[in-house]
Structures are given as C-alpha cells and as structure tokens.
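Worksheet: the structure to be examined is printed underneath.
Please treat every number below as a calculation from the coordinates, not as lab data. For clarity, every value in this text was computed on a predicted model and none was experimentally measured. Heads up, the Cβs are rebuilt from the backbone with ideal geometry, glycines too, and the neighbour counts pull from every protein chain shown.
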Amino acid sequence: MLPDAPIGVFDSGIGGLTVLAALMKALPHERFMYLGDTARLPYGTKTAQTVIRYAEQAAEALVRHGVKCLVVACNTAASVGLDAVRARAGALPVIGVIEPGAQAACAATSSGHIAVIATEATVRGGAYQRAILERRADARVQQLATQMLVALAEEGLVDGPVARVVVNHYLGPLFAADPPDTLVLGCTHFPALAPTIREVVGPKINIVDSALTTAAAVRDQLLAAGIARTAGSQSVQFIATDGPERFARAGSRFLGRTIEARRVELIDL
C-alpha cells in the first residue's frame, strides 16, 4: 500500500459525508474516494443479510479503485457488516464508526447511563450496546430507533417546528425521567440535527458524534502503518449509484462545502 493511494469511504447515501468532513479536517494531505450507495438507501430498514451484501459490494468497488484504507461511514453497515468487509478487504485497514463512537461515549459519561439513537437495523444488531459494555461493564445502555430523523436530514428539515416536533417525539419520553447523561448519535445523518437535538435534551447532556473519533482512529492507524500522506494537496472523488444531481445537492449540506454534480461518478454495484 502506497501513501499516495486514496482512503476509501462508503455509506448507504450522503450521511457518511459528515464522517468525510471530519476526515478531511483531520487529514489535510490525504486523497479520498467517497462512495454513496444512493440507489439502495436506506440500509437502516433492510435485513442484516441484505446490508452485509451491500456493504461487501461497496467495499469491493473501492478496493478495485486501489484504496489504501476503508472507512465504513455507515452505522448500519458497521453494526452488522464490519467483519464481512474486513474479510473481503484482506490486508487493508478497515475502520467502522461503532467502536470509536462507543469509546467516546464511555469517556464522556459520568453515570454510565448512555442512550443511543440509530436506525432500526443498527438498534436490532445491538453493536453499540456490545461495544459500550465491552469498555464499561456497568454501563446502562438504552437504544432507540429513530428512522424518521434520517428522512428529515435527507430533506434538509433539520431545524424549525417540524424538526423539533419529530425530535421531541422520540427523545422527549427518553429524557423525561431518569435521563441518560450521554447521547450517542448512532447514524451519520444525525449530526445535521444536532442543534435541534441539543434544544430538546438540554445543555447538560453529552452528545457524542462518532465522526470526530472515527477520523482520529483513521489518522492513528495510517500513521502506525506508515501509510499516511504527510504532504501534498487534498483531493476528493465522489461516486454514487444513483442520482448524481441529488447526491450533489443534498450532499453539499452534509459535507459543508459545494459538491458539483458533474464531479460525481455514477456506477452500478
């Protein structure tokens, strides 16, 4: 693996662009290749077997492009498909968002009472609960499927009355009595809703976004393996499986910078 090879990042759609944004900030000299499987989103309502197959196919596409590292920037894919992706990736480093998020949650909590909001598939798989309990056996973990938040983020309805009503619908009861002191945003779409979530849960709750800790984990692994790119200009190549125009339009919000549709390569998995 050569340092100049790109870092491959994939997600079911555009939510993983929040992870890419953190990676770009943490690794200013790296080249990136981002694949959004927009033709088959959302992964969060699919069976584990289907998600594993999709994740393997996305990973294989990036491996064929010669990446030096794979980042599974989809909580659902990481929760059920990380081992399968690692098996397909061979010697390539593979980093998911679950482990760094669990580590950050355990570091943030004082009481050990942690809530995780995620897609149906991530909650059903229980990966966050297992990862947190491995690090803190006395933790009390509550998981909540909040699928409608994905749709809000995709449509850009991240603040205002509609967003507040939906966020409060999910989180109001959870934080009404015996509230957790830490909330894990267990879907890469959810950081877009962080200000509204903060408004609902109040100022004292620790909110964990695994994008930042995932970026740190990737940086540490590349440096340890001696394949980090320490000089040169940063670059990003975008790949989607459907709708380059929509990918560019909605993805620009998640990445925090403009994506041009003509720069989005369309592929078939």
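As a footprinting exposure proxy, order Leu144, Leu17, Leu152 by other Cβ within 10 Å, with the fewest listed first.
Leu144, Leu152, Leu17
From the phi angles alone, apply the Karplus equation (6.51, -1.76, 1.60; θ = phi - 60°) to the stretch 41-46 and give each ³J(HN,Hα) in whole Hz, x where the residue is Gly or Pro.
Coupling constants for the stretch 41-46: 6, x, 6, x, 9, 8 Hz.
Can you tell which of Ser210, Ser111, Ser79 shows the greatest fluctuation in a Gaussian network model of the chain with Cα springs below 10 Å?
Ser111
With the convex hull built on the Cα atoms of the stretch 117-167, state its orientation-averaged projected area in nm². Intermediate results must be reported in sequence, preceding the final value.
Working: hull surface 16.5 nm².
Average of the hull's projected areas for the stretch 117-167 equals 4.1 nm².
Among Cys187, Cys69, what is the fewest-to-most ranking by other Cβ atoms within 10 Å? List each step's numbers first, then the result.
Values: Cys187 29, Cys69 23.
Ascending number of Cβ neighbours within 10 Å: Cys69, Cys187.
Which value, in Å³ per residue, describes the convex hull spanned by the Cα atoms of the stretch 99-210?
85 Å³
Any idea what the dipole of the stretch 130-269 comes to, in debye rounded to 20, about its Cα centre with Lys/Arg Cβ at +1 and Asp/Glu Cβ at -1?
300 debye
What Kirkwood Rh does the chain have if only Cα atoms enter the pairwise 1/r average? Answer in Å. Walk me through the intermediate numbers first.
On the way: mean 1/r = 0.0543 Å⁻¹.
Evaluated over the chain, this radius sits at 18.4 Å.
For the stretch 37-102, just say rounded, prolate or oblate: build the C-alpha gyration tensor, square-root its eigenvalues into a ≥ b ≥ c, call rounded for a/c under 1.5, and beyond that prolate if a/b exceeds b/c, oblate if not.
oblate
Charges at C-beta only: +1 for Lys and Arg, -1 for Asp and Glu. How large is the resulting dipole of the chain about its Cα centre, in Debye rounded to 20? Write out the running numbers ahead of the final one.
Details: 25 positive and 24 negative charges, 52 e Å.
Result for the chain is approximately 240 debye, rounded to the nearest 20.
Going by a ≥ b ≥ c, the root eigenvalues of the Cα gyration tensor, does the stretch 43-165 fall in the rounded group (a/c under 1.5), the prolate group (a/b larger than b/c) or the oblate group? Don't skip to the end; give the middle numbers.
Details: a/c = 2.01, a/b = 1.26, b/c = 1.59.
Oblate is the answer for the stretch 43-165, as a/c is 1.5 or above yet b/c matches or exceeds a/b.
For a quick check: sort Asp209, Asp11 by the number of other beta carbons within 10 angstrom, fewest at the front.
Exposure proxy ranking, most exposed first: Asp209, Asp11.
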